[in-house]
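Shown next, in structure tokens, is the structure this report addresses.
The values are calculated or read from the model by the stated rules, or taken from the named source; none is laboratory data. As the structure is a prediction and not an experimental result, all values here were calculated from the model. Every residue, glycine among them, receives a Cβ derived from its backbone with ideal geometry; neighbour counts consider all protein chains shown. Protein only, heavy atoms only, side chains kept; ligands, DNA and RNA dropped before computing areas. Shrake-Rupley method; radii C 1.70, N 1.55, O 1.52, S 1.80 Å.
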Amino acid sequence: MTVPMLDLVAQYATIKDDVLTAMMKVVETQQFIMGPAVPDLEAAIARLSHAKHGIGCASGTDALLLPLKAVNLRPGDEVITTPFTFFATAGTIHNAGATPVFVDIQPDTFNIDPAAVARAITPRTRAIMPVHLYGQMADMLELMAIAAPRGLKIIEDAAQAIGARRKMDGEWRVAGELGWVTGYSFFPSKNLGAWGDGGMMVTSDDAAADRLRKLRLHGGAKQYHHDEVGTNSRLDTLQAAVLLAKLPRLSQWSGKRRDHAAYYTKAFADIAEVKPPVIDPANEHIFHQYTLRAERRDELQAHLKNEGIGHAVYYPIPLHRQPCFAHLGYKDGSLPQAERASREAISLPIYPELTRAQLDRVIETIRGFYR
Ligand SMILES: Cc1ncc(COP(=O)(O)O)c(C=O)c1O
């Protein structure tokens, strides 16, 4: 039995009728640009995020780039972020005209270390961009305590964490609720995935929402009137319709992912060479990824490949060591936890439709490697 890393065809079989019906409604009205599904989805995602406004855009990348532009960054301004993330997190900081400042991660959760953020603040710091990596939230309470007194904006990269929650001062707070602006990605592999690219920003700041709505539409609220230079970054109506049709299943899907994660973690307890993901006790994880630390990771990867077991390394080269950021001067050993994570992390199939037999096959293959 082979087990793919992700099986969107299996998901398609369960949602086909709902999604095709929703798409055909768009086709029949021919309202492909900013049709009613877009504001409907914006309202639904804002609700889910305990935020006032949702602003759809073309991708998760733009959902980070546009709020960074709204900070009015100038050359030399700094945005502090994690090096252990997808490239877009730092690429957008660069493309918005600022300098990414990378700080190390916490070894247990792989999320940005607030103490390292505090140490990295300079007079040029303008914003902090935490990533809720793999589906569990970063320590927002600590980050807010650092940002608020200094007037720094927090832009949450929640591309992997839609619906994730964290208990803070006894209350559940969700991804998207606490940052100034939060960006989501609807890339097809995400927990809530479109049938193409898509993204969304959420915020409870009215002025920021107005600004972001303009920035995604060439910088104008009124057609042919441009207050500033923006871009074309609308969320496609067809994608919004797909996402609206899938949204009622999101929490059940994330629950399934949690069940699979618990099953793996129990099974891996007696394999000394692998460390299952650590869930911060304050967090409810949505397991966008199930990521182990593994001894002899690269050999394990080759073994899984030979055995037809899907897997992936997120992320093999931390961003501070990418050639495009060489000019920033980070060296090997600058951010040791991120570098170690990039050598040890390996993600396993965790999609909701996995069967018990598939989970057992993944477990047995890993057990066989270390035996
Ligand atoms: C952490 C993170 N940030 C940003 C993005 C960018 O999203 P997109 O691919 O939709 O542009 C992704 C996903 O791909 C991501 O995982």
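Dividing the convex hull volume of the Cα atoms of segment 208-312 by its residue count, what figure in Å³ per residue is obtained? Enclosed volume per residue, from the Cα hull, is 206 Å³. With the alpha-carbon atoms of segment 92-162 aligned to their principal axes, the span from lowest to highest coordinate is 31, 26, 19 Å, starting with the largest. The residue list Gly54, Ala44, Tyr134 was ranked by how far each Cα lies along the charge dipole of the chain toward its positive end, using unit charges on Cβ atoms, and Gly54 comes out on top.
With all protein chains kept in place, the per residue accessible area of the chain amounts to 43 square angstrom at a probe of 1.4 angstrom.
Between His327 and Glu228, the FRET efficiency estimated from the beta carbon spacing at R0 = 35 angstrom works out to 0.75.
Label positions at Thr2 and Met34, each projected 7 Å from the Cα along the C-beta direction, are separated by 4.6 nm. Here is the tail figure for the chain: Cα pairs spaced more than 36 Å apart come to 22 percent of all pairs. Sorting the segments 197-210, 353-366 by their residues' average number of neighbouring beta-carbon atoms within 10 angstrom, most packed first, yields 197-210, 353-366.
Diffusion coefficient of segment 229-371 by Stokes-Einstein, Kirkwood radius over Cα pairs, 10 °C, 1.306 mPa s: 90 µm²/s.
Between Arg74 and Ser251, the FRET efficiency estimated from the beta carbon spacing at R0 = 45 angstrom works out to 0.60. Over all pairs of different C-alpha atoms, segment 1-132 has a mean inverse distance whose reciprocal, the Kirkwood radius, equals 18.0 Å. Peptide packing for 24-32, 39-47, 91-99 was compared via the average number of neighbouring C-beta atoms within 10 Å per residue; ordered from the highest value, the list is 91-99, 39-47, 24-32. Restricting segment 215-313 to chymotrypsin sites (Phe, Trp or Tyr not before Pro) that sit in a DSSP loop and have at most 13 other Cβ atoms within 10 Å of their own Cβ leaves Tyr224.
Approximating the spin labels as points 7 Å out from Cα along Cα→Cβ, the Met24-to-Ala115 distance works out to 5.9 nm. The largest accessible area among Trp180, Trp195 belongs to the first residue in Trp195, Trp180, and the rest follow in falling order (1.4 Å probe, all chains). Its DSSP H runs of at least 4 residues, each contributing -39,500 (n - 2.57), put the calculated 222 nm mean residue ellipticity of the chain at -11500 deg cm²/dmol, to the nearest 500. Here's the list of lysines a cross-link from Lys266 could span, going by alpha-carbon distance under 27 Å and ignoring same-chain residues fewer than 8 apart: Lys167, Lys190, Lys256, Lys275, Lys305. Each Lys or Arg adds one and each Asp or Glu subtracts one; over the other residues with Cβ under 14 Å from the Cβ of Pro352, this totals +4. If the limit is 25 Å between Cα atoms, which of Lys16/Lys52; Lys52/Lys246; Lys25/Lys69 go over it? Over 25 Å Cα-Cα: Lys16/Lys52; Lys25/Lys69.
In this simple spin-label approximation, Lys52 and Phe87 carry label points 7 Å from Cα along the Cα→Cβ vector, and these lie 3.7 nm apart. Taking Cα centre as origin and charging only the Cβ of basic (Lys, Arg, +1) and acidic (Asp, Glu, -1) residues, the dipole magnitude of the chain rounds to 160 debye.
Per-residue packing, averaged as other Cβ atoms within 10 Å, sorts the ranges 165-175, 235-245 into the order 235-245, 165-175, beginning with the highest. Derived scalar couplings between HN and Hα for segment 20-30 equal 5, 4, 5, 5, 5, 5, 5, 4, 5, 8, 6 Hz in order, rounded to whole Hz, by the Karplus curve 6.51 cos²θ - 1.76 cosθ + 1.60 (θ = phi - 60°), x for Gly and Pro.
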